[in-house]
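Inspection log for the structure reproduced underneath, given as structure tokens.
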Amino acid sequence: MIIKIYNVNLIDPFTNKEGVVDIVIEDGIIAKLNFKSSDINDLVASNSQIIVVQPDFIEINGEGLYVFPGLIDMHTHLREPGYEYKETIRTGTLAAVRGGFTSVCCMANTNPVNDNPEVTYYILAKAKEEGSCDVYPIGAITKGLKGEELSEMIMLKQAGCVGFSDDGMPVMNSLIMRRALQYSKAIDAPIISHCEDFTLSENGAMNEGKLSFYMGLKGISKAAEEVMVARDIILSKYSKGTLHIAHVSTKGSVELIKRAKEEGIKVTAETCPHYFTLTEEALKDYNTSAKVNPPLRTEEDKEAIKEALRSGIIDVIATDHAPHSLDDKNTPFEQAANGISGLETALALSLRLVHDEVLSLNKLIEKFTVNPAKILKLEKSGIKEGQEADLILVDINKEWIVKKEDFASLGKNTPFDGWKLKGKVLLTIKGKKVFNMLKEDK
Ligand code: DOR
């Protein structure tokens with residue numbers, strides 16, 4: 001298969017190169033990368049410029065389109081093994097490539113939990129067989145996510161885990177967290193902390209405040225997150241471990257991370273598109289598709305998160321793709337599962353930050369590529385001649401309507417159904433695996 005894309009804008013934060021290029025990809029390898037100008041050409045693309053010639057030969061006039069390195073989602077729930085009715089490695093990675101991700105890091109809250117090498121090997125083997133993109137397992141910090149006993153972190157790392165997290169469950173015991181951080185230093189893999197003090201949050205269903213009071217629901221205070229962010233920063237300083245804070249949702253957490261970074265403590269952080277797009281207001285009609293943990297917060301938090309993305313306090317945008325079945329969500333609000341199916345809307349939601357001039361396109365793509373790769377020490381080097389093609393072709397101005405029934409993910413749980421978004425992935429290339437969305441998105 002030969003793919004030629006000419007006159008396309010390339011932004012590659014791995015090589016620090018940007019400009020107008022011609023790219024030729026032959027059998028999954030970048031055969032030619034020819035720089036024509038170092039200026040981005042901000043034309044608006046038109047459908048007529050895209051020519052699909054034959055099934056094994058594609059030629060595209062890339063004027064007004066962009067090529068980026070394949071996106072990396074460092075926080076995905078693929079649900080396999082154990083919860084295949086919510087998602088499988090096959091469907092989750094199909095959703096990934098539709099959303100522009102060529103690498104996903106899958107969380108350990110499967111059944112069995114990914115707390116031993118057998119589960120890690122199973123995930124890797126399944127991904128090789130049925131996956132559409134690279135899959136990097138995240139191992140559990142504690143056995144069974146129970147927070148009582150450390151998992152065999154060294155063995156998990158050797159088996160292929162790139163980081164450790166009890167995501168979905170907090171590690172309440174500070175001594176265990178301290179030890180996990182000590183190990184993270186020894187094995188050179190981060191602890192990805194789901195910051196939630198269970199004694200403060202238990203049975204909460206949404207952000208604590210006026211709205212939770214009016215809706216008659218038990219709230220989860222911002223303190224439930226911030227107490228643990230503060231604890232983990234202190235433990236990271238004390239142990240010199242590598243700490244990554246997952247799904248930051250509050251202004252207070254941002255302030256704690258800012259102070260820690262200023263002090264030189266080894267901490268990085270991620271947020272997710274729903275935290276800079278929505279507030280608790282999205283739950284007003286008891287809409288369970290917007291029920292997520294940590295919960296959607298207030299306007300003030302949303303704006304603080306945007307500012308933290310702009311200033312670099314938050315390093316990464318991750319999806320926290322949390323697919324659930326209809327039965328998991330069509331329940332009374334308090335009982336509904338937490339989570340948003342995020343892989344297929346993340347890029348377009350995040351591009352709003354570029355269209356609204358919060359972030360430059362380059363900075364946005366950094367948060368989806370080079371930053372997660374650095375944190376997890378993934379072997380990624382961007383778009384270079386002679387290397388496997390790991391890239392996406394995007395029309396950042398193309399408008400489309402989110403239709404949950406069109407998701408490749410089994411999880412149709414999105415609060416963005418029916419939204420008009422701007423920015424669409426047209427082609428995702430991961431070596432020989434090519435996902436051609438040119439036809440379906442006409
Ligand atoms: O909303 C969430 N869903 N937050 C988490 O931390 C876990 C996730 C899940 O596994 O469904």
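Using the Cα atoms as the points, what is the convex hull volume per residue of the range 333-411 in Å³? Let's see the in-between values first.
Details: hull volume 14.2 nm³, N = 79.
Enclosed volume per residue, from the Cα hull, is 179 Å³.
By accessible area of protein heavy atoms, probe 1.4 Å, what ranking do K185, K380, K404 get, highest first? Walk me through the intermediate numbers first.
Details: K185 110, K380 40, K404 75 Å².
Solvent-accessible surface, decreasing: K185, K404, K380.
Please give the solvent-accessible surface of W419 in Å², to the nearest 10, using a probe radius of 1.4 Å with every protein chain present.
We get 70 Å² for W419.
With every protein chain left in place and a probe of 1.4 Å, what is the accessible surface of E149, to the nearest 10 Å²?
For E149, solvent-accessible area is about 100 Å².
State the number of lysine pairs found in the range 77-220 whose Cα atoms come within less than 19 Å, restricting to pairs 8 or more positions apart or on distinct chains.
Lysine pairs, 8 or more places apart or on different chains, close enough: 6.
Measure nothing fancy, just the Cα-based angle from helix 346-355's long axis to the longest principal axis of the chain, in degrees from 0 to 90, nearest 10.
Approximately 80 degrees, to the nearest 10.
Ranked by accessible surface with a 1.4 Å probe, highest first, in what order do S289, S409 come? Working shown, then result.
Working: S289 20, S409 0 Å².
Solvent-accessible surface, decreasing: S289, S409.
For the range 1-68, just run the numbers: alpha carbon Rg, then divide by 2.2 N^0.38 Å, N being how many residues it has. Could the numbers behind the result be given before it?
Numbers: Rg = 11.8 Å, N = 68, 2.2 N^0.38 = 10.9 Å.
Normalised Cα radius of gyration, the range 1-68: 1.08.
For the range 342-385, what log10 I(q)/I(0) values come out of the Debye formula at q = 0.17 1/Å, with one point per alpha carbon and no solvent?
Ignoring solvent entirely, the Cα scatterers give -0.57.
For R310, R352, write out the residues from largest to smallest accessible area, computed with a 1.4 angstrom probe and no ligands counted.
On the way: R310 120, R352 90 Å².
Ranked from most to least accessible, the order is R310, R352.
When the Kirkwood radius is taken over all Cα pairs of the range 95-194, what Stokes-Einstein diffusion coefficient follows at 4 °C and 1.567 mPa s, in µm²/s?
Numbers: Rh = 13.5 Å.
Estimated diffusion coefficient is 96 µm²/s.
Quick one: give the max-minus-min coordinate of the C-alpha atoms of the range 52-154 along each principal axis, largest first, in Å.
Extents along the principal axes, in whole Å: 57, 23, 23.
Run lengths n ≥ 4 of DSSP H only: what is the helix-derived mean residue ellipticity at 222 nm for the chain, with -39500 (n - 2.57) per run over all residues, to the nearest 500?
Values: 14 runs with 132 residues, N = 442.
My calculation for the chain gives -8500 deg cm²/dmol from helical runs alone.
Please give me the summed charge of the neighbours of I375: other residues whose Cβ is under 10 Å from its Cβ, Lys and Arg +1, Asp and Glu -1.
Details: positive: K374, K377; negative: E270, D315.
Around I375, the charge tally is 0.
Give the Debye-formula value of log10 I(q)/I(0) at each listed q (0.17, 0.18 Å⁻¹), with one equal scatterer per alpha carbon of the range 287-345, two decimals each.
Log10 I(q)/I(0), no solvent term: -0.67, -0.73.
Determine which lysines satisfy two conditions relative to K258: a Cα distance under 21 Å, and not lying fewer than 8 residues away in the same chain.
K222, K237, K240, K266, K302, K306, K363, K367, K374
Could you list log10 I(q)/I(0) for the chain at q = 0.07, 0.12 Å⁻¹, which the Debye formula gives when each Cα is one point scatterer?
So the normalised log intensities work out to -0.32, -0.97.
Could you tally the net charge around E280, taking each other residue with its Cβ under 13 Å from the Cβ of E280, Lys/Arg +1 and Asp/Glu -1? Before the final figure, lay out each step's value.
Values: positive: K210, K222, K284, K291, R297, K302; negative: E208, E281, D285, E299, E300, D301.
Neighbourhood net charge equals 0.
By average Cβ neighbour count within 10 Å, what is the ranking of 82-91, 10-19 from highest down? Display every interim value, and only then the final one.
Working: 82-91: 20.1, 10-19: 18.3.
Those peptides, ordered most packed to least, come out 82-91, 10-19.
Could you look at the chain and say what percent of its accessible area is carbon and sulfur, using a 1.4 Å probe and all protein chains?
Answer for the chain is 49 percent, counting heavy atoms of protein chains only.
Enter the accessible area of D134 (Å², nearest 10), with the probe set to 1.4 Å and all protein chains included.
Near enough 50 Å² of accessible area.
Could you point to the residue in V316, P332, L217 farthest towards the positive end of the chain's charge dipole, with +1 and -1 charges on the Cβ of Lys/Arg and Asp/Glu respectively?
V316
In Å², and per residue, what accessible area does the range 141-209 have when probed at 1.4 Å with the other protein chains present?
Working: 2910 Å² over 69 residues.
In whole numbers, the range 141-209 has 42 Å² accessible per residue.
Kindly provide the trypsin sites (Lys or Arg not before Pro) of the range 220-301 that DSSP labels as loop, not H, G, I, E or B, and whose Cβ sees at most 16 other Cβ atoms within 10 Å. Spell out each step's value before the answer.
Values: sites: K222, R231, K237, K240, K251, K258, R259, K261, K266, K284, K291, R297; in loops: K240, K266, K284, K291, R297.
Listed in order of number, the matching sites are K240, K284.
Taking a quarter of the surface of the Cα convex hull of the range 253-373, what do you get in nm²?
Working: hull surface 32.3 nm².
Mean orientational projected area (the range 253-373, Cα hull): 8.1 nm².
The values are calculated or read from the model by the stated rules, or taken from the named source; none is laboratory data. No experiment lies behind these values; they were computed from the predicted model shown. When we count neighbours, we look across all protein chains shown, and the Cβ atoms used for this are built from the backbone with ideal geometry, even at glycine. With ligands, DNA and RNA removed, areas are computed over all heavy atoms of the protein, side chains included. Shrake-Rupley method; radii C 1.70, N 1.55, O 1.52, S 1.80 Å.
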